[in-house]
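These notes are about the structure you will find just below.
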Amino acid sequence: QVQLVESGGDLVQPGGSLRLSCAASGSIFSFVATGWYRQAPGKQRELVARITNSGSTNYADSVKGRFTISRDIAKNTVYLQMNSLKPEDTAVYYCNAALTYNDYWGQGTQVTVSS
């Protein structure tokens, strides 16, 4: 069983920055991939950014150039640095750990971008 705990969500003005953290109970290096997803009210959950155990990353087109996913293997933590935030980035952000046969999710952290 893997537990994921997100933190860092907040209310921020457009153009601002936030860094989300996802602390895992197990070794993130053993995961196939770790990702950040988000779900806005009335919309489906969507992939924001993902990093594989080899360190490869991919991003949603809407966040490329603004968001960066990274990891600290020693701390079993994955981060999402979000810059130049826009109101359309407002959502609950979820951390996901993909293992060979299971997926695990955190409880989510709210990010609100508003003036």
*asked:* Return the residues of segment 97-107 that are touching a residue at least 12 places away in the same chain (Cβ under 8 Å), part of a strand (DSSP E or B) and over 21 Å from Gly42 (Cβ atoms); say none if nothing qualifies.
replied: Ala97, Ala98, Tyr104
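If you go through segment 87-115 one residue at a time, how many are hydroxyl-bearing (Ser, Thr, Tyr) and surrounded by 14 or more Cβ atoms within 10 Å (Cβ to Cβ)?
Qualifying residue count, segment 87-115: 6.
Among the strands (runs of 3 or more DSSP E) lying completely within segment 35-86, list those that include at least 1 residues that are of a type in the set (Ser, Thr, Tyr) and either open to solvent by 60 Å² or more (accessible area, probe 1.4 Å) or without any contact (Cβ under 8 Å) to a residue 40 or more places away in the chain (or both).
Values: elements: 46-52, 57-59, 67-72, 77-82.
Because the criterion is at least 1 residues that are of a type in the set (Ser, Thr, Tyr) and either open to solvent by 60 Å² or more (accessible area, probe 1.4 Å) or without any contact (Cβ under 8 Å) to a residue 40 or more places away in the chain (or both), the strands (runs of 3 or more DSSP E) in segment 35-86 that meet it are 46-52, 57-59, 67-72.
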*Would you point out the residue of segment 67-104, among those that are more than 14 Å from Arg50 (Cβ to Cβ) and acidic (Asp, Glu), that is modelled with the lowest pLDDT?*
Asp72
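The values are calculated or read from the model by the stated rules, or taken from the named source; none is laboratory data. Just so it is clear, the model here is predicted, and its values are computed rather than measured. With ideal geometry, Cβ positions are generated from the backbone for all residues, glycine too; neighbour counts draw on all protein chains shown. SASA here: full protein model, heavy atoms, side chains in, ligands and nucleic acids out. Shrake-Rupley method; radii C 1.70, N 1.55, O 1.52, S 1.80 Å.
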